[in-house]
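Asks: Following this message is one structure expressed as structure tokens.
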Amino acid sequence: MNLNQLQPPTAPHSLSANSVSRIMLTVLATLVPATIFGFWLYGWPALFLWIITVLAALLGEAACLKLAGNKALPTLSDGSALVTGWLLALSLPPWAPWWIGAVGGLFATTLAKQVFGGLGYNLFNPAMVARVFLLISFPVQMTVWIAPMPITSAAAPGFHDGLLIFLGNIPKPDAIASASLLGFAKTELSRGTDLLHSLVGSAYGISLTGARAGSLGETASLLIAAGGLVLLALRIIAWHIPVSMIAGIAIPALVANAIDPARYLDVTSHLLSGGAMLGAFYIATDYVTSPNTKAGQVVFGLACGFLTYVIRTWGGYPEGVAFAVLVMNACTPVIDRYLKPRILGRNWRGAPLDPAVERAKS
Amino acid sequence: MGLIEKFLHNPKAPRWGVHPDDHKRPAADAPLRTLPLPARLYVPLLQHVGQPARPVVLVGQEVRKGQLIAEPQGRISAPVHAPTSGRIVAIGEITAPHPSGLPFEAITIETDGHDRAVEADVPADPFTLAPAEVTALISAAGVVGLGGATFPSSVKLALGKRSEITTLIVNGGECEPYLSCDDRVMRDRAADVIDGVRLMLHCTGAREALVGIEDNKPEAIAAMRRAATRFPEIKVRPVPARYPMGSDRQLIETLTGKEVPSDCRAADVGVIVNNVSTANAVHRAVRLGEPLIERIVTINGGAVWQPGNILAPIGTLAADLLAFAGLKSEPARLVMGGPMMGAVLPHARVPIVKGSAGILAFNEDEVAIPEAGPCIRCGNCVQACPIGLLPLEMAANVRVGDLQAAASLGLSDCISCGCCAYICPSHIPLVQYFSHAKGELWAQERDKLRMEATRKLAAERAVRLEREAAEKAEAAARRKAERDAAKRAEAAAKAAAESAVTEVAE
């Protein structure tokens with residue numbers, strides 16, 4: 001009988017249909033609506049930036065694999081580099097020049113991922129490492145936001161102008177350069193104007209349709225959250241990290257805003273601004289860099305949210321999701337060390353249970 | 001599973017485990033068929049946990065159906081009986097039903113086709129007998145646990161008597177995909193199973209019996225409920241279909257809420273678990289005087305033409321069963337048992353034993369296992385592990401050779417159920433990692449014991465040599481002292497004699 005001798009013939013003999021590329025592609029599919037919406041809001045430059053960021057991430061991964069003497073295609077097809085590049089692109093200012101996307105994408109998959117050994121071995125979320133690197137190295141380009149101009153509107157740049165903006169050849173007109181809500185609030189507070197005055201009548205209020213300045217992942221917060229809910233329903237991610245991270249931001253925001261609404265932004269602004277939703281559903285939930293027990297994930301999520309709030313409110317930067325996630329990535333091995341599941345038949349300390357107690361049950 | 005079903009997921013379903021596609025139908029719905037007697041049966045001497053049985057027949061001897069052909073030896077062992085009448089043609093090595101394909105002691109019987117049975121002596125009412133007497137009947141019939149562990153049933157029942165069992169759990173979970181032999185036993189022989197359960201209650205002294213049946217077997221649940229109506233002490237309890245529900249610790253927790261401590265047996269918490277097929281075998285042994293010589297085997301898998309359940313004598317070759325069910329294509333892999341924990345058969349010329357629930361012939365598509373990728377720490381294995389272990393962390397430790405670290409994470413609690421490897425999106429063969437590590441740790445432990453024994457012997461030898469040297473020195477000193485004393489005495493005597501001589505001379 002021609003038995004298959006090549007495979008190690010041990011149980012289990014059937015496997016679930018799940019695979020890494022299937023997980024990654026599902027994640028990407030849920031990002032599509034938010035991304036398309038972003039393209040519509042910010043036009044051609046945003047599309048070009050997205051393309052170059054994703055390509056750079058793929059190129060960085062392929063180059064490292066080649067240098068290591070591996071075949072690039074099988075690893076690239078797992079989709080993880082695509083996810084990294086895509087998430088990075090969603091966190092950039094939509095009209096940033098091409099080299100921001102190119103440098104960021106390359107940095108993400110080479111220095112933040114492949115040097116650690118590739119998928120599964122990186123300590124920090126590659127997209128967030130790249131974003132923080134860009135923010136620290138090129139603070140000007142990384143903090144210039146534009147007011148949304150739907151691609152169908154008259155003021156929106158056409159294909160040609162869009163390409164020129166993308167290539168950095170024409171400066172952005174001052175009229176459309178803008179600040180994000182978090183940035184504006186921080187600047188106004190530092191100038192001594194309280195929020196009750198600065199936000200009234202300004203264009204910086206929360207808009208549920210996304211008509212506000214920010215990255216692709218910020219303005220489409222509701223679509224991002226919807227995508228995240230689909231991932232939850234498909235059990236690609238568990239609720240623990242998103243819910244606890246949102247709680248970590250919302251609880252301090254509610255308390256502080258109730259105490260002094262003139263100094264502290266309201267909870268809705270916090271949750272729908274910056275990378276809160278993208279972070280809660282797509283960044284902090286990164287399997288590789290988050291704890292692997294449910295209890296650990298709750299601690300991780302709460303800390304991510306709380307740190308985000310602290311950095312936003314009292315830190316030097318208006319937005320803190322990336323920093324918060326990176327700090328908690330560093331804490332993940334510690335969390336995993338101390339928060340382990342209880343083994344059946346043992347107590348939390350690992351000692352066997354008392355048979356007399358179990359015998360007396362029911 | 002569709003999106004809506006995922007939202008409506010049974011909230012009572014346990015958090016552990018996996019829900020593989022069960023592939024039980026149409027095999028489970030096909031009526032039970034009986035295999036025509038094969039020309040030869042190969043009855044292994046070790047079909048149970050414990051010591052192998054010792055042959056009590058000679059080559060060339062004629063035997064009858066149900067005749068004892070090998071007797072138990074040792075405290076944990078089980079006898080083996082002739083599955084049909086015929087002539088013993090060989091007692092010796094055949095291929096074992098194990099992936100190693102190593103040789104294995106067995107008795108080969110050439111069947112005569114008459115199926116003549118030995119006279120059976122059955123008690124009129126076993127419930128008037130003492131529990132120990134009924135247990136002795138079960139022991140003599142060679143009944144072993146048919147859920148897969150093949151632990152001699154009588155030993156387990158006697159243990160139950162000693163440990164003050166309150167609850168007998170009857171395992172009709174059959175959580176392994178593809179298998180349906182227990183389902184078939186419950187559907188076709190529900191009254192017999194319930195009678196076996198009553199006999200086991202009598203043997204153990206337990207007050208109640210809980211029959212746990214996965215809710216994907218509604219026909220079996222209905223049949224068992226009907227059969228159990230007259231016996232209020234026997235309760236049929238559907239349990240959620242979730243692998244590994246048929247594992248004893250999981251079933252005990254689901255049905256009674258009791259958690260078996262990791263260093264204890266189920267009996268230590270007042271529970272004993274027996275399979276429904278075992279209950280059926282107990283009924284046949286006690287009521288009909290028929291030893292365990294046949295069983296229902298599920299023949300299933302993509303390569304099988306007519307999947308279903310077949311009643312076959314112990315010792316039938318897998319090849320005979322597959323030929324009877326018919327093959328659509330050359331099997332890409334043969335498995336004895338279920339797909340989650342079953343063992344690969346080296347070839348089909350391997351006999352079925354008491355514990356063989358199924359022979360699965362998989363086609364190429366079913367065994368296409370993708371190449372393993374890197375661990376992405378998704379934690380699916382942590383969620384799936386029914387024991388609460390961290391398979392990903394244990395595997396990472398085993399991978400770098402740090403077996404002690406893996407052991408400290410609870411490797412010894414792993415039941416090798418395969419949930420982690422099943423669910424892993426990177427297709428990492430986690431169970432293999434753990435089996436390797438367990439084997440290695442066991443070997444290390446044995447080496448350590450051996451070293452300790454050697455060291456102890458060496459230390460004892462040193463002590464002995466020292467003692468002998470001391471004794472020798474002491475003896476030498478004593479002899480010297482004696483010699484000196486003798487010399488002194490001689491000298492004194494001489495001196496005395498000399499002085500006497502002098503005196504005389506004076």
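Read-outs: derived from the displayed coordinates by stated rules, not from any lab. Just so it is clear, the model here is predicted, and its values are computed rather than measured. Note that we place each Cβ from the backbone using ideal geometry, even for glycine, and neighbour counts take in every protein chain shown.
Asks: Could you give the angle, 0 to 90 degrees to the nearest 10, between helix A:181-190's Cα long axis and the longest principal axis of the Cα atoms of chain A?
Replies: 70 degrees
Asks: Over 22 Å apart: what share of the alpha carbon pairs of the range B:125-289 falls there, rounded to a whole percent?
Replies: Result for the distance tail: 34 percent.
Asks: Tell me whether the range A:15-106 comes out rounded, prolate or oblate; compute the Cα gyration tensor, take square roots of the eigenvalues as a ≥ b ≥ c, and use a/c under 1.5 as the rounded threshold. Walk me through the numbers before you get to the answer.
Replies: Working: a/c = 3.53, a/b = 1.33, b/c = 2.66.
Oblate, since a/c reaches 1.5 and b/c is not below a/b.
Asks: Sticking with this one: How about the range B:286-372: which chymotrypsin sites (Phe, Trp or Tyr not before Pro) there lie in a loop by DSSP and see at most 15 other Cβ atoms within 10 Å?
Replies: Sites meeting the loop and neighbour criteria: B:W305.
Asks: Continuing with the same structure: Based on the Cβ-Cβ distance from B:L159 to A:A226, what FRET efficiency comes out when R0 is 56 Å, to the nearest 0.05?
Replies: 0.45
Asks: For B:A90 paired with A:R349, estimate the spin-label separation in nm (one decimal), with each label point 7 Å from Cα along the Cα-to-Cβ line.
Replies: My value for the distance between the label points is 5.9 nm.
Asks: For the range B:370-506, what does the relative contact order come out to in percent, with C-alpha contacts under 8 Å and a separation of six or more?
Replies: 20 percent
Asks: Counting DSSP beta bridges with both partners in the protein assembly as shown, what percentage is antiparallel, nearest 5?
Replies: So the antiparallel bridges amount to about 65 percent of the total.
Asks: Here's something else I'd like to know. With +1 on the Cβ of every Lys and Arg and -1 on the Cβ of every Asp and Glu, and nothing else charged, how large is the dipole of the range B:370-506 about its Cα centre, in debye rounded to the nearest 20?
Replies: Numbers: 19 positive and 19 negative charges, 31 e Å.
Using Cβ point charges on Lys, Arg, Asp and Glu, the range B:370-506 gives about 140 debye.
Asks: I've got another one for you. Please work out the Kirkwood hydrodynamic radius for the range A:221-339, using every pair of different C-alpha atoms, and report it in angstroms with one decimal place.
Replies: 14.1 Å
Asks: Let's test the formula: R0 of 22 Å, r as the Cβ-Cβ distance of A:V357 and B:E445. What FRET efficiency results, to the nearest 0.05?
Replies: On the way: r = 30 Å, r/R0 = 1.36.
Between A:V357 and B:E445 the formula returns 0.15.
Asks: Please give the contour-minus-distance gain from A:A295 to A:A17: 0.36 nm per residue of separation, less the Cα-Cα distance, rounded to one decimal in nm.
Replies: Residue separation times 0.36 nm, minus the Cα-Cα distance, leaves 97.3 nm.
Asks: Okay, moving on. Alpha carbons only, please: Rg and Dmax for the protein assembly as shown, in angstrom.
Replies: Radius of gyration, then largest Cα-Cα span, for the protein assembly as shown: 37.5, 163 Å.
Asks: Okay, moving on. Based solely on its DSSP helices, what 222 nm [θ] is calculated for chain A when runs of n ≥ 4 H residues each add -39,500 (n - 2.57) and the sum is averaged over all residues, nearest 500 deg cm²/dmol?
Replies: When only DSSP H runs of four or more count, the value is -17500 deg cm²/dmol.
Asks: Note down the Stokes-Einstein diffusion coefficient of the range A:20-178 in µm²/s, whole number, using a Kirkwood radius over alpha carbon pairs, 25 °C, and 0.890 mPa s. All intermediate terms of the calculation are to be shown ahead of the outcome.
Replies: On the way: Rh = 16.0 Å.
Estimated diffusion coefficient is 153 µm²/s.
Asks: Can you find, among B:L129, A:Y264, B:S408, the residue sitting farthest towards the positive end of the charge dipole of the protein assembly as shown, where Lys and Arg contribute +1 and Asp and Glu -1 at Cβ?
Replies: Most positive-ward Cα: A:Y264.
Asks: Here's another thing I want to ask about it. How large is the charge dipole for chain A, taken about the Cα centre, if only the Cβ atoms of Lys, Arg (+1) and Asp, Glu (-1) carry charge, to the nearest 20 debye?
Replies: Here the size comes out at about 1000 debye.
Asks: Provide A:R191, B:R40, B:R198 in ascending order of the number of other Cβ atoms located within 10 Å of each residue's Cβ, fewest first.
Replies: Ordered from fewest to most neighbouring Cβ atoms within 10 Å, A:R191, B:R40, B:R198 come out as A:R191, B:R40, B:R198.
Asks: Based on the Cα atoms of chain B, what semi-axes does the equivalent ellipsoid have, where each is the square root of 5 times one gyration tensor eigenvalue, given in whole Å with the largest first? Before the final figure, lay out each step's value.
Replies: On the way: eigenvalues 681, 204, 126 Å².
Taking √(5λ) for each Cα gyration eigenvalue gives 58, 32, 25 Å.
Asks: Let me ask something additional. In deg cm²/dmol, rounded to 500, what helix-only [θ] at 222 nm does chain B give when every DSSP H run of at least 4 residues adds -39500 (n - 2.57) and the total is split over its residues?
Replies: Calculated mean residue ellipticity at 222 nm is -11500 deg cm²/dmol.
Asks: Calculate the radius of gyration of the Cα atoms of the range B:87-220 to one decimal place, then report Dmax, the largest Cα-Cα distance, as a whole number, both in Å.
Replies: 18.0, 48
Asks: If you bin the C-alpha pair distances of chain A every 20 Å from 0, what whole percents do you get?
Replies: Cα pair-distance distribution for chain A, in percent: 28, 53, 16, 3, 0.
Asks: When a footprinting reagent is the concern and you count Cβ atoms within 10 Å, what order do A:S80, A:S198 take, fewest first? Intermediate values should be presented prior to the final figure.
Replies: Values: A:S80 29, A:S198 18.
The most exposed by this proxy come first: A:S198, A:S80.
Asks: For the charge dipole of the protein assembly as shown, defined by +1 on Lys and Arg C-beta atoms and -1 on Asp and Glu C-beta atoms about the Cα centroid, which residue among B:A332, B:I169, B:V463 has the Cα displaced farthest towards the positive pole?
Replies: Going by the Cα projections, it comes out as B:V463.
Asks: Translational diffusion coefficient of the range B:370-506 at 37 °C, 0.692 mPa s, Stokes-Einstein with Kirkwood Rh over Cα pairs, in µm²/s as a whole number.
Replies: Answer from the Stokes-Einstein relation: 155 µm²/s.
Asks: Now for a separate question. Divide, for the range A:83-131, the radius of gyration over alpha carbons by 2.2 N^0.38 Å, where N is the residue count.
Replies: The range A:83-131 yields a ratio of 1.09.
Asks: If you don't mind, another one. Between A:A155 and A:L167, what is the label-point separation in nm under the 7 Å Cα-to-beta-carbon projection?
Replies: 2.6 nm
Asks: Over chain B, what is the relative contact order in whole percent, taking alpha-carbon pairs under 8 Å and six or more residues apart?
Replies: Details: 1006 pairs, mean separation 80.6, N = 506.
It rounds to 16 percent for chain B.
Asks: Turning to a different aspect of this structure: Where nothing but the Cβ of Lys and Arg (+1) and of Asp and Glu (-1) is charged, how large is the charge dipole of the protein assembly as shown around its Cα centre, in debye to the nearest 20?
Replies: It works out to roughly 540 debye.
Asks: Now a separate question. Could you tell me the extents of the range B:36-134's C-alpha atoms along the three principal axes, largest first, rounded to whole Å?
Replies: The Cα atoms of the range B:36-134 stretch 46, 33, 25 Å along their principal axes.
Asks: Using a 10 Å cut-off around each Cβ, can you sort A:H270, B:H98 from fewest to most neighbouring Cβ atoms?
Replies: Ordered from fewest to most neighbouring Cβ atoms within 10 Å, A:H270, B:H98 come out as B:H98, A:H270.
Asks: A further question follows. With axes computed from alpha carbons, what is the tilt in degrees of helix B:190-204 against the longest principal axis of chain B, rounded to the nearest 10 within 0 to 90?
Replies: It is inclined by approximately 30 degrees.
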